[in-house]
Amino acid sequence: MDRTFIDGTLVERTRETEIATVEFDQNSAEFAADPWSKYEELRSNCPVAHTDSHGGFWLVSKYDDVVKVARDDTTFSSCPTTVIPDSGVYNLIPLQSDPPDLQRYREALLPFFTPKAIASYAPRIREFTNTCIDAFVDRGHCELVTELANPVPSMTALEFIGFDPRDWHDFAGPMHRLSYFADGSVERAQALADLEKMDAVIATAINDRRKKPAGDAITALVNYKKDGVMFSDQELHGLVKMLLFGGLDTTMAAISNTLLYLSEHPDARQRLIDDPGLIPLAVEEFLRFEAPVHAFARNVTTDTQVGDQKIRAGEKVYMLWASANRDPEKFENPDEVVLDRRPNRHLTFGVGGHRCLGAMLARMEMRIMLEQVLCRIPDFHIDPDTVRHPITVTIIWGRTSLPATFTPAGC
């Protein structure tokens, strides 16, 4: 076996198989402290490499290779899981589904994510946002994650799914601990226990809608029928659970990353204040620059090749969305935020058959929250020493605490 360090990256090549092996553990605090330099090393030295962490899996770090894997649902399956290490959260539909079931599930969900449906949520999102800001605008200080970035997308998701938005803490808490704490931690174990309780809440809601329909997503899914076939209880549970997972922590992470950047870069913030019409483009750039979900896994069904590496059936491939978003072959000055970047074909919402159905909703939530923050507390400042940064990148990348100060509304 050849062992070589290339720009600080340990690369091992087994002579018989020519497998490029690197040290990589996205679950570790060391990696979370600076994933970007590691991604750069991978793209430059071993764009398709193998790590022995968590039972072993392949890393795919360049844009074109990530797209190739993501578009091939036959060779690269999403079953039984898309997370490494496996969090123990099963039955997320359609995330953990393959064709033809994938198309059947997405067809049932599409009505909630049409442009018309998304537009109809805007007044409520703005109401949620302003209600949150109203609660702290006269104080001159707040915690931007727990008082804004977390409750707004959580309340939005709960309302259209069919739960009381006032109960957002009960749903966001367990998911937050699952997303932001490493596998094997006490917090992750508590999250898994709490999620069992949430599973019971979902099951009760499904049964209740059968008896008493309501104008929400749960009712629509309970009554959905394709070719005379309705969803089983297991399928319904997975669909509702995925709507919750997709609607809460991811948008929270994206807006928290954005608010921190704007606090640290007052010139960029002032530019958006002076030209609010630029906010939609800026949202795309913030999503590219710090993707709230760094990667998803696929399970290899047949021997194949990605880049110069032969990958065998039964192995796992980890698509590094966040690394692909900073591929210099696709993005000029990829490590810089360019507020009006065009084109901006980032992979934050995925690509192919699994592209995120909620992308338009997430964009709108970010846009509305940014508009209101820049209008109502435009001089907000986050002390960098108080920020709580990610300690693992297993699922979500986002800040979990952003204490901020600003000029009170009454001044």
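Read-outs throughout are calculated quantities, based only on the coordinates presented, and are distinct from any laboratory measurement. It should be emphasised that the depicted structure is a prediction, and the values quoted were computed from it without experimental measurement. In this analysis, Cβ positions are derived from the backbone assuming ideal geometry, glycine residues included, and neighbour counts consider all displayed protein chains.
Close amide H pairs (under 5 Å, H built 1.01 Å from N) link K310 with no residue at least 5 positions away or on another chain. For the chain, modelled as a GNM whose springs connect Cα atoms under 10 angstrom apart, the maximal fluctuation among G277, G352, G238 occurs at G277.
Quick check on my link table: of K62/K310; K116/K316; K68/K225, which ones sit more than 27 Å apart, alpha carbon to alpha carbon?
Over 27 Å apart, Cα to Cα: K116/K316; K68/K225.
Spatially, segment 332-377 and segment 118-133 are offset by 18 Å when compared through their Cα centroids. Report the label-to-label distance for D167 and D86 in nanometres (one decimal), using points 7 Å from each Cα along the Cα→Cβ vector. For D167 paired with D86, the spin-label model returns 2.9 nm.
For the peptides 281-292, 326-337, the ranking by mean Cβ contacts within 10 Å, running from highest to lowest, is 281-292, 326-337.
As a length-normalised measure over Cα pairs under 8 Å and 6 or more apart, the relative contact order of segment 2-405 settles at 26 percent.
For the chain, DSSP calls about 90 percent of its internal beta bridges antiparallel. Ellipticity at 222 nm from helices only: DSSP H runs of n ≥ 4 in the chain, each -39500 (n - 2.57), divided by the residue count, give -14000 deg cm²/dmol.
Which helices of the chain meet both criteria: a Cα extent of 20 Å or more along the helical axis and a mean Kyte-Doolittle score no lower than -1.0, with helices taken as whole DSSP H segments? Sorted by number, the helices that extend far enough and score high enough are 115-134, 186-211, 233-247, 249-264, 359-376.
What shape does the chain have by the C-alpha gyration tensor, where a ≥ b ≥ c are the square roots of the eigenvalues, rounded means a/c under 1.5, and otherwise prolate means a/b greater than b/c and oblate the rest? Here the chain falls in the oblate category. The alpha-carbon of K197 sits under 20 angstrom from the alpha-carbons of these aspartates and glutamates, leaving out residues fewer than 8 places away in its chain: D86, E159, D164, D167, D170, D183, E187, D208, D233, E235, D249.
The Cα center of segment 226-303 and the Cα center of segment 26-102 differ in position by 17 Å. Between S401 and R388, the built amide H atoms are under 5 Å apart, and every one of these is 5 or more places off in sequence or on another chain.
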